[in-house]
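Read through the structure below, which is laid out as structure tokens, and then see the notes.
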Amino acid sequence: MTIDASHDPALQSWVESANAADTDFPIQNLPFGRFRPAGHDEWRIGVAIGDQVLDLRATGLTDHTDMNRLMALAPDERRALRRSLSAGLQWGSAQEKAWRAALFVASSVELGLPCRIGDYTDFYVGIHHATTVGTLFRPDNPLLPNYKWVPIGYHGRASTILASGQPFTRPRGQLKAADAAPRLALTQRLDFELELGLFIGRGNRLGEAIPITSAEEHLFGIALFNDWSARDMQAWEYQPLGPFLSKNFASTVSPWIVTMEALAPFRRPFVRPEGDPQPLPYLDSEANRHAGAIDIELEVRLQSRAMRESGIPAHCISRSNFADAAYWTAAQLVAHHTVNGCALTSGDLFGSGTLSGPRPDQAGSLLELTQAGKQTITLPGGEVRSFLEDGDSIALVGNCSRAGFRRIGFGRCEATVEPSPAMG
Ligand code: CA
């Protein structure tokens, strides 16, 4: 991951809003997503710049109209595209006049899923989350012995991954109280999970493992990801094969994929706590030890329907950081996923797992924040929550900052819980 002229913090854009100190999308970011202007059916590839979206095809830099194909570009082609976008959007660029016609106001277009999502794998890299949740479900045996050796994951469902802003309804399923027979009912313990979504760029051939030394060449970038969960359904169904209907009713992903290139200045060493086993050789490399972790600040905001109706802004209920929360790195996940020969494809999505920090107020789910409903959170306006109510919306936001570099952000990953329709 090299730092080049496209990361220069002094760069300014002729798109004025990209120079605002608090924008998520300065010229140093250049994330990719899909959009369509009002009245158009076809998705187009866009690049977020300030409060605008640049129509990539109209810049003449690429013939690609399919995001998944763009994501599968060779890494040097990807880096060349980033450099061309950076040059064209810079103050004083000769392309300004032509590219102005390729700009759309972001709030005026529809932002969709950033690509076609092939397969979805949900990892479990948040060790503080795994320990706290393990304590709630299995007080005598919180962290299972495989956790520090195997990047734990399972195959999720791609068809119910929703674009940010798309509402979903409260799911129903089997619930079982300790002293009663199971019954079919609406979940009473609806929760969010603060995660990141890692998108695969180039795939690999079936049977060919991706070594950790080239794992990051197969990652296109990262978006915000909320893996909604029904905790009462989960507790009853999850053994022995893991969660099923408690997770696959909806997950929400943010519209913009921040590329691995844009994240280059925000890397951190990967360190195992003292006394923990070192990763097996196929999960270890010098580059991974030196800079395998990524410093991403994350925040969860809740706004109830009553808050929305009385103009009370969304309330921050948790703050966390990817590098502090994660026991495994992105490169380790790619190497592990393919070590058995499993083929990945452009547009495959890895959920990181819930990214809770070490402190209780850094928890990435209500399950942890409320100790499985034993405590409540008080919202501005006086409402209390142990789990989510109908009309609640959850927004995830994230950003990277480091001295000597321009702050970049991830935009928003947001959705509202709607009441379930009556059963027919
Ligand atoms: Ca998850």
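The values are calculated or read from the model by the stated rules, or taken from the named source; none is laboratory data. Bear in mind that the values here come from a model prediction, so they are computed numbers and not experimental data. Cβ placement follows ideal geometry from the backbone for every residue including glycine, while neighbour counts extend to all protein chains displayed. Ligands, DNA and RNA are excluded from the accessible area calculation, which covers all protein heavy atoms including side chains. Shrake-Rupley method; radii C 1.70, N 1.55, O 1.52, S 1.80 Å.
Using the Cα centre as the reference, give the magnitude of the dipole from point charges on the C-beta atoms of the chain (Lys, Arg: +1; Asp, Glu: -1; all else neutral), rounded to the nearest 20 debye.
It works out to roughly 180 debye.
If I take every Cα pair under 8 Å that is 6 or more residues apart in segment 120-418, average their sequence separation and divide by the length, what percent do I get for the relative contact order?
Taking the mean separation of contacting Cα pairs over the length of segment 120-418, I get 28 percent.
Rounded to the nearest Å, what's the spacing between the alpha carbon centres of segment 380-420 and segment 143-178? Just the number, please.
Spelled out, the Cα-based centre of one part sits 19 Å from the other.
Pop out the ³J(HN,Hα) list for segment 405-415 in order, Karplus 6.51 cos²θ - 1.76 cosθ + 1.60 with θ = phi - 60°, rounded to Hz; leave Gly and Pro as x.
For segment 405-415, the Karplus-derived couplings read 10, 6, 5, 10, x, 10, x, 10, 10, 9, 7 Hz, x marking Gly and Pro.
So, in Å, what gap is there between the alpha-carbon centers of segment 340-374 and segment 321-335?
11
Where in segment 11-34 is the amide nitrogen less than 14 Å from a point lying 7 Å along the Cα-to-Cβ axis of Val105?
Backbone N within reach: 17.
With a 1.4 Å probe and all protein chains kept in place, how do Lys97, Lys247 rank by accessible area, largest first?
Ranked list, largest accessible area first: Lys97, Lys247.
In terms of solvent-accessible area of protein heavy atoms at a 1.4 angstrom probe, what is the ranking of Thr329, Thr160, highest value first?
Thr160, Thr329
Taking only protein heavy atoms and a 1.4 Å probe, what accessible area per residue, in Å², does the chain have with all protein chains in place?
For the chain, the solvent-accessible area averages 43 Å² per residue.
Heads up, I need the accessible area for His315: 1.4 angstrom probe, whole protein in place, Å², nearest 10.
So the heavy atoms of His315 present about 60 Å² to solvent.
Identify which of Asp140, Asp295, Asp51 has the largest mean-square fluctuation in a Gaussian network model of the chain, with springs joining Cα atoms closer than 10 Å.
Of the options given, Asp140 has the highest mean-square fluctuation.
Using the Cβ atoms and a cut-off under 14 Å, what net charge is assigned to the surroundings of Glu309, where Lys and Arg are +1 and Asp and Glu are -1?
Overall, the nearby charge balance is -2.
Could you rank the peptides 119-126, 174-181 by their average count of other C-beta atoms within 10 Å per residue, with the highest value first?
Packing order, densest peptide first, comes out as 119-126, 174-181.
How much net charge surrounds Ala163 when only the other residues with a Cβ under 11 Å from the Cβ of Ala163 are counted, with Lys and Arg +1 and Asp and Glu -1?
Result for the neighbourhood of Ala163: -1.
What order do Met71, Met423 take when sorted by accessible area (1.4 Å probe), most exposed first?
Met423, Met71
With every protein chain left in place and a probe of 1.4 Å, what is the accessible surface of Leu103, to the nearest 10 Å²?
For Leu103, solvent-accessible area is about 30 Å².
Accessible area of the chain with a 1.4 Å probe: how many percent of it is carbon plus sulfur?
52
Restricting the calculation to Cα positions, tell me the Rg (one decimal) and the Dmax (whole number) of segment 139-178 in Å.
According to the Cα coordinates of segment 139-178, Rg and Dmax are 16.5, 40 Å.
Would you compute, for the Cα atoms of segment 120-418, the largest minus smallest coordinate along each principal axis and list the three values in descending order, in whole Å?
50, 46, 38
Along the three principal axes, how long is segment 1-86 when you take its alpha carbons, biggest first, rounded to the nearest angstrom?
Result, largest extent first: 37, 31, 19 Å.
Which aspartates and glutamates, if any, have their Cα less than 12 Å from the Cα of Lys247, not counting same-chain residues under 8 positions apart?
Counting by Cα, and skipping residues close in sequence, Lys247 has these aspartates and glutamates nearby: Asp122, Asp191, Glu193, Asp227, Asp232, Glu237.
Based on the Cβ-Cβ distance of Val339 and Glu77, what FRET efficiency does E = 1/(1 + (r/R0)^6) give at R0 = 41 Å, to the nearest 0.05?
0.95
How charged is the neighbourhood of Ala363? Take every other residue with its Cβ under 14 Å from the Cβ of Ala363, and add Lys/Arg as +1 and Asp/Glu as -1.
It works out to a net charge of -2.
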